[in-house]
1. Being hydrophobic (A, V, I, L, M, F, W, C) and part of a helix (DSSP H, G or I) is the filter here; which residues of region 61-73 pass it?
2. I need the full set of residues from region 289-310 which are part of a loop (DSSP other than H, G, I, E, B), surrounded by fewer than 23 Cβ atoms within 10 Å (Cβ to Cβ) and hydroxyl-bearing (Ser, Thr, Tyr), in order please.
3. Could you say which residue among Asp241, Asp236 is charged (D, E, K, R) and touching a strand residue (DSSP E or B) at 6+ places or on another chain (Cβ under 8 Å)?
4. Can you find even one residue in region 87-100 that is surrounded by fewer than 20 Cβ atoms within 10 Å (Cβ to Cβ), under 14 Å from the mean Cα position of the chain (by Cα), touching a residue at least 24 places away in the same chain (Cβ under 8 Å) and over 12 Å from Ser57 (Cβ atoms)?
5. Scan region 313-362 residue by residue and report those that are within 16 Å of Ile173 (Cβ to Cβ) and β-branched (Val, Ile, Thr).
6. Does any residue of region 192-208 turn out to be among the small types (Gly, Ala, Ser) and within 27 Å of Arg317 (Cβ to Cβ)?
7. So for region 111-129 (the condition being part of a loop (DSSP other than H, G, I, E, B), of a type in the set (D, E, K, R) and under 29 Å from Ser300 (Cβ atoms)), does at least one residue qualify?
8. Would you mind stating whether Val286 is out of contact with any strand residue (DSSP E or B) (no Cβ under 9 Å at 6 or more places or on another chain) and touching a residue at least 40 places away in the same chain (Cβ under 8 Å)?
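The values are calculated or read from the model by the stated rules, or taken from the named source; none is laboratory data. Because the structure is a prediction, the values reported are computed rather than measured. Methodologically, a virtual Cβ is constructed for each residue, glycine included, from the backbone with ideal geometry; neighbour enumeration extends over all protein chains shown.
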Amino acid sequence: MYQLPPLNWKAPPVHRFRKLLIVATAIGALALTGCATSASGASSSGTASANTLTIASPQCAHCLAMAMLPGQISGYNVQYQNFSKLSDLEAGLASGRINVGQIDYTGLVSVISQGLPIVAISGEVNGGSDLLVAPSVNLQPDDWAGFKALAAQRKAAGKPFTIASQFGSVQDIELRLQLPKEGIDPSTDVTIVNTPYEGMGQALNNGSADAAAAVQPFAASIVSSNLGKHFAFPYDQAAGDLTNVVVVSQDYLEKNPAAVAAIAAGMVKLTDYLGTDAGKKDWSSVVQKYTNTDAPTVDSALTQLKPDLTIPMSQVRAIADAMYAQGLITTQVTDDQLKSHIDYDPLAAATGTAAADLGQAK
């Protein structure tokens, strides 16, 4: 559950991407060969029966919308689990204990780059990224010219402008794509510090960071606690606002077409429901339940989220290219690899919409 860290929390030092890559790759490889897992809210163990669907997601404002998916799928005994570690969720998919998983697009690109048998079948919720600055930073929202000038001033003074970012996350990639659009080199003009979302508020508060690439509901909690203030939404770049995607294993996709069809149909109903007043109310309640975040903060966070079924291939391509450029994956992902790990057919059948209109490359 989300709670603000103690006031004496300090952001970890800057690490080299190569070191992080080695660690992340090792964890991913272990996870997807069926290592032990730990889940919050787990209700079953072992491979699910034919009429049972087990759905899982991490614990974030976007992700927890998946807790509402069971109510949108008929004909199956649907169970929901949530995980604090993405590697545990991926391990559950690989072992068959989880049928449907919701991950972010950087996670999808990572498994594709490793040649692991995971296939995306639907978008879920996008947006929710918020570039915050410390209260002491004298910048107005969206004043990128002022941001650039301040970064240059701090660089010249030998005190680099420091941005807290959780390395390898969607928000991290958005940040590194957005800064060059504003004439700022993320490698030389600023210092980006690897910081978990949970620690960003205190990093802004104790002076170890001047800005933070946060995600909801952490961003809303930071703002409501006066530890930071909104500066910009980092979506004016090639990856846009892509955040989360729904995946299944290749084996499950091939052996359970009826269940996959039911999942896709359920995602259509869920994303429609999330756009209604009743759906937003239920969504808010779920996020409050699993994150221990107060209602006003959650409601503020949800205004920045956008339910979206589509999987725009060009934007996924941009994320993959950025991850390779930053050394987060060791080999460049090809178009053929992307195509083999994204199946638009279930969603096209459920919506009656052409795959090209759902994001498939034309």
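1. Across region 61-73, the qualifying residues are Cys63, Leu64, Ala65, Met66, Ala67, Met68, Leu69.
2. Residues satisfying the conditions are Thr303, Thr310.
3. That would be Asp241, the only listed residue that is charged (D, E, K, R) and touching a strand residue (DSSP E or B) at 6+ places or on another chain (Cβ under 8 Å).
4. Yes, region 87-100 has at least one match.
5. Of everything in region 313-362, those that are within 16 Å of Ile173 (Cβ to Cβ) and β-branched (Val, Ile, Thr) turn out to be Val316, Ile319, Ile329, Val333.
6. no
7. Yes, the conditions are met somewhere in region 111-129.
8. yes
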